[in-house]
Amino acid sequence: MIRFDEPVSVLLRCAQQLYPALATKVVLVDGMHAADGAWGMTWWPDGAGELHPDWEDGITALILIDASAPYYAVPDILAHELAHAVAGPDGGHADVFAAAYLALHAAFSRAHGCEPTAELVAELHTLVDCARTGRPYEPAGSEIVPGGV
Ligand SMILES: [Zn+2]
């Protein structure tokens, strides 16, 4: 028997439990980071009505993750983008986004049998602040590599 708690699947289960109405599709894309510096992006239809090629009926947001993102960073990148999907196209990095981002990380920690540490929560608040202000995130010894927009 081989058992592997694949972190992306665990995070997606957490998101569905926290936000049962969330309807999003996650796709891997090539070259997004090279083109615009983002490891992740959440896409909604704009006023022009033209849909992204990966859009599907029934979803309310499309999440793009750069396939070259470091594997260990993907859960945080995805949590960031899922929080955008929860907050909606006008939510930016404001309070609804921040609450969802923190809740997703807390659920992810609990899914792995531990409560989020004070250090993790402080780091997540710093990441939200960086997302809000555009200030670069340059931690010493962090295991989180953010990059969503
Ligand atoms: Zn963002």
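We did not get these values from a lab; they are worked out from the coordinates using the rules stated. Note that the structure is predicted; figures quoted are calculated from it, not measured. Cβ placement follows ideal geometry from the backbone for every residue including glycine, while neighbour counts extend to all protein chains displayed.
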Square roots of 5 times each gyration tensor eigenvalue, C-alpha, the range 22-75, largest first, Å: 21, 13, 8
Interchain or long-range residues, amide H under 5 Å from Gly91's placed H: none
Net +/- balance of residues flanking Ala111 in space, Cβ distance below 11 Å, scoring K and R +1, D and E -1: +1
Rg and Dmax of the range 1-106, Cα atoms only, in Å: 13.9, 51
Calculated [θ] (222 nm, deg cm²/dmol) that DSSP helices of n ≥ 4 give over the chain, each run adding -39,500 (n - 2.57): -13500 deg cm²/dmol
Top of Glu50, Glu138, Glu123 by mean-square fluctuation, Gaussian network on the chain, Cα under 10 Å: Glu50
Cβ-based net charge around Val26, under 10 Å, with every Lys or Arg adding one and every Asp or Glu removing one: -1
FRET efficiency, 1/(1 + (r/R0)^6) with R0 30 Å, evaluated for Ala23 and Tyr72 via beta carbons: 0.60
Interchain or long-range residues, amide H under 5 Å from Asp66's placed H: Val29, Gly40
Residue with peak Gaussian network fluctuation, the chain [Cα springs, cutoff 10 Å], from Pro70, Pro45, Pro53: Pro53
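Which of Ser68, Ser109 comes first, and how do the rest follow, when ranked by fewest Cβ neighbours within 10 Å?
Ser68, Ser109
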